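Participant: Below is one structure. I have some questions about it.
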Amino acid sequence: MDPDGRLLVQMDLGRYRIVNLKDQKEKHVFMNQVDIPEGSKDGVYSARITLSDGTVYTASDHVHIATMDRAGGLRPGNNEETTDPPAELRWDPVPGARYYQVFIKDQWNDGKQIYSSEVLSEPLLTLPQGLLKKGGLYSWFVHSRDVNEDPLLGDFNHGSLSSPVEFSVSD
């Protein structure tokens, strides 16, 4: 719902990821791209969630309307083949982004997500030893965001997802 209480979008509740933070309740983060209508204004946007048992929850965040460019210059790049598993992933800084999160999928394992980074403050991820293997085919993408766990704006106010990049590691 927009700040005036009008329906903005109906979301697919099957499309979320779970975030577990120490000493906090499990959080379900719904990932959706929402087109903001012309003339939308800053304010408190809310969501009403009805569970299968009939329990209704309302969540809200203060939102400043803005757009953010997608991360580019991802290295290793699309269709690149490396001779050894990379020790790190890099990308160009995104104007307005103060934080990043990286997601890696194993394309030989039905595209299963194998890694989700902590929130990063630099456009660089040092990979855990042994995560990527020789002969592997991987894809990765970057979620850029302006804030992180802000008391007013929530987990982030505006952000963007890069296009996925696929690379392989030779045998």
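Participant: From the list E88, E38, pick out the single residue that is in the same structural domain as G135 (by TED's automatic domain parsing) and not aromatic (F, W, Y).
Facilitator: On inspection, the qualifying residue turns out to be E88.
Participant: Tell me which residues, restricted to the range 87-104, are in contact (Cβ under 8 Å) with a residue 40 or more places away in the chain, in contact with a Lys or Arg (Cβ under 8 Å, 6 or more places away or on another chain) and more than 26 Å from D35 (Cβ to Cβ).
Facilitator: L89
Participant: Got a sec? Which of S139, S160, S144 is assigned by TED's automatic domain parsing to the domain that holds W91, in a strand (DSSP E or B), in contact with an Asp or Glu (Cβ under 9 Å, 6 or more places away or on another chain) and modelled with pLDDT under 95?
Facilitator: Answer to the selection: S160.
Participant: Any chance the range 83-98 includes a residue that's modelled with pLDDT under 95, under 16 Å from the mean Cα position of the chain (by Cα) and farther than 19 Å from G159 by Cβ?
Facilitator: No, there is no match, as no residue in the range 83-98 is modelled with pLDDT under 95, under 16 Å from the mean Cα position of the chain (by Cα) and farther than 19 Å from G159 by Cβ.
Participant: Also: Which of the residues spanning the range 88-117 are assigned to a loop (DSSP other than H, G, I, E, B) and in contact with a Leu (Cβ under 9 Å, 6 or more places away or on another chain)?
Facilitator: W91, D92, S117, listed by residue number.
Participant: Further, regarding this structure: Given the criterion within 20 Å of S168 (Cα to Cα), surrounded by 12 or more Cβ atoms within 10 Å (Cβ to Cβ), of a type in the set (A, V, I, L, M, F, W, C) and at pLDDT 95 or above, identify the matching residue among L120, L125.
Facilitator: Result of the check over L120, L125: L125.
Participant: Within the range 127-149, can you find the residues that are under 30 Å from A66 (Cβ atoms) and out of contact with any His (no Cβ under 7 Å at 6 or more places or on another chain)?
Facilitator: Passing the criteria: S139, W140, F141, V142, H143, S144, R145, V147, N148, E149.
Participant: Restricting attention to the range 78-87, does a residue exist that is among the hydroxyl-bearing types (S, T, Y), part of a loop (DSSP other than H, G, I, E, B) and surrounded by 15 or more Cβ atoms within 10 Å (Cβ to Cβ)?
Facilitator: No.
Participant: Would you pick out the residues in the range 23-55 that are at pLDDT 80 or above and assigned to a strand (DSSP E or B)?
Facilitator: Matches in the range 23-55: G43, V44, Y45, S46, A47, R48, I49, T50.
Participant: Does Y45 satisfy being within 14 Å of the chain's Cα centre (by Cα) and of a type in the set (F, W, Y)?
Facilitator: no
Participant: Please identify the pairs in which a residue from the range 108-133 that is under 19 Å from A97 (Cβ atoms) has its Cβ atom under 7 Å from the Cβ atom of a residue that is at pLDDT below 95, counting only partners at least 6 apart or on another chain.
Facilitator: Going by the 7 Å Cβ cut-off, the qualifying pairs are V119/N148.
Participant: Can you say whether S144 is more than 27 Å from S46 (Cα to Cα) and in contact with a strand residue (DSSP E or B) (Cβ under 6 Å, 6 or more places away or on another chain), as far as the supplied structure shows?
Facilitator: No, not satisfied.
Participant: A further question follows. Just name the residue that is surrounded by the most Cβ atoms within 10 Å (Cβ to Cβ) out of those in the range 59-77 that are free of Cβ contacts under 8 Å to residues at least 24 places away in the same chain and closer than 19 Å to D150 by Cβ.
Facilitator: S60
The values are calculated or read from the model by the stated rules, or taken from the named source; none is laboratory data. Since this is a predicted model, take the numbers as computed values, not measurements. Cβ: placed from backbone, ideal geometry, glycine included. Neighbour counts: every protein chain shown.
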